[in-house]
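To start, the structure under review is shown below, and the notes come after it.
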Amino acid sequence: MKIENYIRDIQGFPKEGILFKDITPLLIDPEARANCLKILVESLNNQKIDKVVGAESRGFFFGMLLAQELNAGFVPVRKPKKLPFDTISASYELEYGSDSLEMHTDAIKKGDRVLIHDDVLATGGTAKAVCELVEKLGGEIVQCNFLMELTFLNGREKIKEYPVFAALTY
């Protein structure tokens, strides 16, 4: 089963000039979803993970599945003012703008072994910001893990100090 058959291209979303990689068909199909989860888990080579950090919003889908599979805690990283408790924040650049992300201050404990997950590694801005949040709280990043990587945007360069895995590359 090829998981790339479950990724749909949407031209001009969220704005003109962007080719959006839609993972909805992958989420809908239980067999494809399970196969993708297996690929993501196997990339860790049985390393112990204490927390899985999922980036808003599409990183939540497989982030939660990974946490369940790895018997780890799940930590949501969200846009500003979406989390109810004390937060820390980091700013980042996107291929089509800029924003910031927040995480609860008690989400990661010093020494926690952390898997960071998001759906796409594009320019690397979001991933870099999430790495900053994890390290501010004392977490050890085991891997940055993605469903897909858009290699032509060179995002891996921004997080080159960490192990990176992408199930698919474009």
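First obtain the Kirkwood hydrodynamic radius of the chain from its Cα pairs, then insert it into the Stokes-Einstein equation at 37 °C and 0.692 mPa s, and state the resulting D in µm² per second as a whole number. Reported coefficient: 204 µm²/s. Nearest 500 deg cm²/dmol is fine: what mean residue ellipticity at 222 nm does the chain get from its DSSP H runs of n ≥ 4 alone, each adding -39,500 (n - 2.57), divided by its residue count? Helices in the chain give a 222 nm mean residue ellipticity of -7500 deg cm²/dmol. The Rg/Rh ratio of the stretch 1-65, with Rg taken over Cα atoms and Rh as the Kirkwood radius over Cα pairs, comes to 1.03.
Our coupling estimate for the stretch 61-77, obtained by passing each phi through the Karplus curve with A = 6.51, B = -1.76, C = 1.60 and θ = phi - 60°, is 4, 7, x, 5, 4, 4, 4, 4, 5, 8, 6, 10, x, 10, 10, x, 10 Hz, Gly and Pro reported as x. In the full protein context, the stretch 1-137 carries 52 Å² of accessible surface per residue, based on a 1.4 Å probe and ignoring ligands, DNA and RNA.
How much of the accessible area of the chain, in percent, comes from carbon and sulfur atoms when a 1.4 Å probe is used? Within the chain, the accessible surface is 49 percent carbon and sulfur. Ignoring lysines fewer than eight residues from LYS38 along the same chain, the ones with Cα atoms less than 21 angstrom from its Cα are LYS2, LYS21, LYS48, LYS51. In whole angstrom, the stretch 75-118 maps to an equivalent ellipsoid with semi-axes of 20, 14, 8, each derived as √(5λ) from the alpha carbon gyration tensor and ordered largest first. Summarising the strand pairing of the chain, around 35 percent of its internal DSSP beta bridges are antiparallel.
The values are calculated or read from the model by the stated rules, or taken from the named source; none is laboratory data. Worth saying up front: this structure is predicted, and the values here are computed from it rather than measured. SASA here: full protein model, heavy atoms, side chains in, ligands and nucleic acids out. Shrake-Rupley method; radii C 1.70, N 1.55, O 1.52, S 1.80 Å.
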